[in-house]
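Visitor: Handing you a structure now.
The values are calculated or read from the model by the stated rules, or taken from the named source; none is laboratory data. Note that the coordinates shown come from a computational prediction; the quantities given were computed from them, not determined experimentally. Cβ coordinates were reconstructed from backbone atoms using ideal geometry, including for glycine residues, and neighbour counts include every protein chain displayed. Note: areas computed on protein heavy atoms with side chains; ligands, DNA, RNA excluded. Shrake-Rupley method; radii C 1.70, N 1.55, O 1.52, S 1.80 Å.
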Amino acid sequence: MIAIIDYDAGNIKSVEKALVHLGEEPIITRDKEVILASDKVILPGVGAFGDAMAKLHEYQLVDVIHEVVEKKKPFLGICLGLQLMFESSEETPGVEGLGLLKGHILRIPEKEGLKIPHMGWNNIKVREESRLFQNLPENPYVYFVHSYYLKAEDESVVAATTDYSVTIHAAVEKDNVFACQFHPEKSSDVGLQILKNFVEL
């Protein structure tokens, strides 16, 4: 069973739809027992870092997420979900993230000719041994929508990068913890393959 954590962040339905397309029966929930009983857990999300952390605290999901990770269940953050997994964000100074991995979320620097938010298709450079990116074409294209980006403290956890004004840590992978800044559920066949890889872990 795959639990999709519901904390009032956008984009949950499209993640559910992609998983159903793969033949899964995901459950959208904020019920602690259901989440802890799941085989795999996904934290999707679109929105602001501070608002999202407030909701995770309000629904008492912060400790649940830490417990999922400690139990070594495969855990996947998507877009805002990736950002929340780190320590802090320039979007909301003073608000602590989940701190599952070390690193900070920074605003994409202005650069002539580039629009912020970074919105649309961009190719990623994938680390060869990554479990999340098996069976993909070289430098695959995926769909991004974000104004802030991850700078991970430990580059060994970075599973994919992209360039947009700066080098962006586009995906991470460490033990049972995975995350994508881009939206696999909106990234056509490549994205479905990434979700399939996660489902089959």
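Visitor: So if I restrict to the alpha-carbon atoms in the stretch 1-116, what is the Rg, and what is Dmax, the biggest pairwise distance, in Å?
Guide: 14.7, 49
Visitor: How big is the accessible area of Tyr143 in square angstrom, nearest 10, if you roll a 1.4 angstrom probe over the protein chains?
Guide: 50
Visitor: As a test of reading the structure, rank Val157, Val34 by solvent-accessible area (1.4 Å probe, protein chains only), most first.
Guide: From most accessible down to least: Val34, Val157.
Visitor: Would you mind working out the magnitude of the charge dipole of the chain relative to its Cα centre, with +1 at each Lys and Arg C-beta and -1 at each Asp and Glu C-beta, to the nearest 20 Debye?
Guide: 280
Visitor: Could you put Lys13, Lys174 in order of accessible surface area, largest first, with the 1.4 Å probe and the full protein assembly present?
Guide: Final ranking, largest accessible area leading: Lys13, Lys174.
Visitor: Enumerate by residue number the chymotrypsin sites (Phe, Trp or Tyr not before Pro) in the stretch 1-63 meeting two conditions: DSSP loop (anything except H, G, I, E, B), and at most 16 other Cβ atoms within 10 Å of the site's Cβ.
Guide: Passing sites in the stretch 1-63 are Tyr59.
Visitor: Report, by chain and number, residues whose modeled amide H sits under 5 Å from the one on Ile28, excluding near sequence neighbours (fewer than 5 apart, same chain).
Guide: Ile4
Visitor: What does the C-alpha gyration tensor say about the overall shape of the stretch 1-41? Classify as rounded when a/c is under 1.5, otherwise prolate if a/b is larger than b/c, or oblate.
Guide: oblate
Visitor: Roughly how many nanometres apart are two label points built 7 Å out from the Cα toward the Cβ at Trp121 and Lys102?
Guide: About 3.8 nm separates the two model spin labels.
Visitor: Where a ≥ b ≥ c are the square roots of the eigenvalues of the C-alpha gyration tensor, would you call the stretch 102-201 rounded, which needs a/c under 1.5, or, failing that, prolate if a/b is larger than b/c, or oblate?
Guide: oblate
Visitor: Scan the chain and report its longest stretch carrying no GluC sites (Glu not before Pro) that are both in a DSSP loop and have at most 16 other Cβ atoms within 10 Å.
Guide: For GluC sites (Glu not before Pro) (loop position, at most 16 other Cβ atoms within 10 Å), the longest site-free span of the chain is 25-86.
Visitor: What is the gain in length, in nm to one decimal, between Glu200 and Val166 on full extension, counting 0.36 nm per residue of separation less the C-alpha to C-alpha distance?
Guide: 9.0 nm
Visitor: If I stretch the segment between Glu67 and Ala54 completely, what's the gain in nm (0.36 nm per residue apart, minus their alpha carbon distance), one decimal?
Guide: Using 0.36 nm per residue and subtracting the Cα-Cα distance, I get 2.8 nm.
Visitor: For the chain, with the dipole built from +1 on Lys and Arg beta-carbon atoms and -1 on Asp and Glu ones, taken about the Cα centre, which of Phe133, Leu98, Asn176 lies farthest toward the positive end?
Guide: Comparing the listed Cα positions along the dipole, Phe133 ranks first.
Visitor: Output ³J(HN,Hα) for the stretch 79-86: one whole-Hz value per residue in order, computed from phi by the Karplus curve 6.51 cos²θ - 1.76 cosθ + 1.60 with θ = phi - 60°, and x for Gly and Pro.
Guide: Couplings: 6, 4, x, 4, 4, 5, 6, 9 Hz.
Visitor: Suppose each label sits 7 Å from its Cα in the direction of the beta carbon; what would the Val20-Glu110 distance come out to in nanometres?
Guide: 4.4
Visitor: Counting pairs of alpha carbon atoms under 8 Å apart in space and at least six apart in sequence, what relative contact order in percent does the chain give?
Guide: It rounds to 19 percent for the chain.
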